[in-house]
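Derivation of every value follows stated rules applied to the coordinates shown; laboratory data play no part. This structure is a prediction, so every number in the text was calculated from the model and none was measured. Note that we place each Cβ from the backbone using ideal geometry, even for glycine, and neighbour counts take in every protein chain shown.
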Amino acid sequence: MKLKIKELYERIRKVLKPYQKNIIQPLLKIILIIIICVIIVHVIGGHETLSQYADKNPDIAYSVSGSSP
């Protein structure tokens, strides 16, 4: 089992080697930037859910806006 996984890993690595600089590295950088942004938003934005917001601000959450015909 271990040998098959190792062989599969080596085959995938061999196939992707020519694309490492052109595709894989920029893709990993983009994923890293997204993860950093998610962490920053999570830390700055707080942990309030929509139902918690509605409980704290019922006049805003349950108000009806717009005109009725």
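Taking region 37-51, which residues are under 25 Å from Ala61 (Cβ atoms) and either in contact with a Ser or Thr (Cβ under 7 Å, 6 or more places away or on another chain) or of a type outside the set (Val, Ile, Thr) (or both)?
Passing the criteria: His42, Gly45, Gly46, His47, Glu48, Leu50, Ser51.
Got a sec? Which of Leu27, Leu32, Leu50, Leu16 is aliphatic (A, V, I, L, M) and either surrounded by fewer than 10 Cβ atoms within 10 Å (Cβ to Cβ) or in contact with a Phe, Trp or Tyr (Cβ under 7 Å, 6 or more places away or on another chain) (or both)?
None of the other options fit; the residue is Leu50.
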